[in-house]
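Inspection log for the structure reproduced underneath, given as structure tokens.
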């Protein structure tokens, strides 16, 4: 017998996760929970897997404080990491840092130390490309080409001595710039154009950036002919170096209330800049080069995500957060410490694939002490992670496993009363008949879905994520239908009566995946409103 009640089809999760605690404020396209998910396929899907790049932990199982994909000659690929046991190590392409080259040992490492890498050199055609390594407590380390050791920066400013060393750097207008040293934390320094290691010669110098504001400079980036620099906990500034004479360079304040949480919490994205401030809120800095029109936009408020961040991460550890823009997927990833943790064990991900709205999600799977990009065989930069146990991980793998083991991914829909279909439906009970999912076939395994009726658990139903029909090899002509449809509809009968309904979907087995395109809810209603 055909179903005679109401069927409502919804595409859920298209606006990512909402952080609000007000269930009435959550839009139907948002999720209450989006853990270890991805929205890249315009579906709700389990995020890509992870596998170890180095099969054996780096000796001593240290924290990997930062890494860099070093193509010193444009083609030969080397992976370079800084560890909390004070070493800079280069893997020579075999996925084995222990069998690679120790470029430096004995660095001074503090609990807040994070490593930053800046590519420079090549000031003239005959010069080597150079990699500059900033740690904030050690002299800038310089790797020239494919050298076997790093050296201290040859001619630093006199301020950079002992443990008073720059924590960040950048290349801008053919100069190496750096700052964040403890003995003059509001000053940024620049080298000569002819030698990125020369900070005392003719043409070098420094600029004091509003020294009465904020605690210290923590980050700067070259962007469309300007330097955007940030202080912790607040202060955002612009340095205009477009005039050929350094005496005519201009410094302007963009914001006295917004700054950066730490040295690695600001990233360029497409045609803009994204930063996380000291409160855990995310902002876009617009790309207009006229100071009067340059403004900020708080992305977190769009999805009420600041509330979620403050309740789920350790704000005191934001100075060690790490961020990267994963251009291949148009996602910004921020590694942060969860509540109660002193190391980064969470990722906040902002998906920019929709031009109208950024979509937030949260990942609890990994321990991403540091994040960077490493080119794959096609030259595409892929998400890479350094953990707290001496391993580097290749992320976003096609197989939904972590080093061969399963991991949980889960989502929860809003508590839907269907008043968006008809106002009257919001005030009456529904007699539930079925749930149907439109899914991409992802294998012969289940997605478990918990049903919550008026916020109370009712039952768990199972949806198989595999194809329908017979597989090739067991197919009988004229009897069986081949599996492998691109979209499958899976329907399950449910029981119960309530005003609102919410679904919590999850799976956690090795190589288990899911990809949900649409939800259908079947129900009947009573004639009278609830009393």
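The values are calculated or read from the model by the stated rules, or taken from the named source; none is laboratory data. Bear in mind the structure is a predicted one, so any value in this text is a computation, not a measurement. Cβ coordinates were reconstructed from backbone atoms using ideal geometry, including for glycine residues, and neighbour counts include every protein chain displayed.
Only residues that are under 19 Å from residue 266 (Cα atoms) and surrounded by fewer than 24 Cβ atoms within 10 Å (Cβ to Cβ): list them for region 137-168, please.
none
Would you check which residues across region 365-412 are assigned to a loop (DSSP other than H, G, I, E, B), on the phi > 0 side of the Ramachandran plot and either within 18 Å of the chain's Cα centre (by Cα) or exposed (fewer than 15 other Cβ atoms within 10 Å of the Cβ) (or both) and list them?
379, 403, 404 - these are the residues of region 365-412 that are assigned to a loop (DSSP other than H, G, I, E, B), on the phi > 0 side of the Ramachandran plot and either within 18 Å of the chain's Cα centre (by Cα) or exposed (fewer than 15 other Cβ atoms within 10 Å of the Cβ) (or both).
Suppose we filter region 303-360 for residues that are outside any loop (DSSP other than H, G, I, E, B) and either surrounded by 17 or more Cβ atoms within 10 Å (Cβ to Cβ) or in contact with a helix residue (DSSP H, G or I) (Cβ under 9 Å, 6 or more places away or on another chain) (or both); how many remain?
Total satisfying the criteria: 32.
Name the pairs whose Cβ atoms lie under 9 Å apart, with the first residue in region 80-97 and at positive phi and modelled with pLDDT of 95 or more, the second surrounded by fewer than 18 Cβ atoms within 10 Å (Cβ to Cβ) and outside any strand (DSSP E or B), and 6 or more positions between them or separate chains?
86/105; 86/106; 86/108
Only one of these conditions is not met by residue 239: (1) more than 20 Å from residue 141 (Cβ to Cβ); (2) modelled with pLDDT of 95 or more; (3) not in a strand (DSSP E or B). Which number is it?
For residue 239, the failing item is (3).
For region 413-448, which positions are within 28 Å of the chain's Cα centre (by Cα), crowded, with 21+ Cβ neighbours inside 10 Å and not in a loop (DSSP other than H, G, I, E, B)?
439, 447
Is at least one residue of region 284-302 touching a strand residue (DSSP E or B) at 6+ places or on another chain (Cβ under 8 Å), at pLDDT below 90 and buried (at least 23 other Cβ atoms within 10 Å of the Cβ)?
yes
Can you tell me how many residues within region 178-189 are part of a strand (DSSP E or B) and under 15 Å from residue 158 (Cβ atoms)?
The total comes to 4.
With the condition being closer than 29 Å to residue 427 by Cβ, under 33 Å from the mean Cα position of the chain (by Cα) and modelled with pLDDT of 80 or more, I'd like the strands (runs of 3 or more DSSP E) fully within region 457-531 carrying at least 2 qualifying residues.
501-507, 515-525
So in region 169-191, with the set limited to residues that are under 20 Å from residue 228 (Cα atoms) and over 31 Å from the mean Cα position of the chain (by Cα), which one is surrounded by the fewest Cβ atoms within 10 Å (Cβ to Cβ)?
The residue in question is 184.
For a quick check of your reading: which strands (runs of 3 or more DSSP E) sit entirely within region 1-55 and have at least 3 residues that are crowded, with 23+ Cβ neighbours inside 10 Å?
44-46
Just one of 203, 214 is in a loop (DSSP other than H, G, I, E, B) and in contact with a helix residue (DSSP H, G or I) (Cβ under 9 Å, 6 or more places away or on another chain); which is it?
Answer to the selection: 203.
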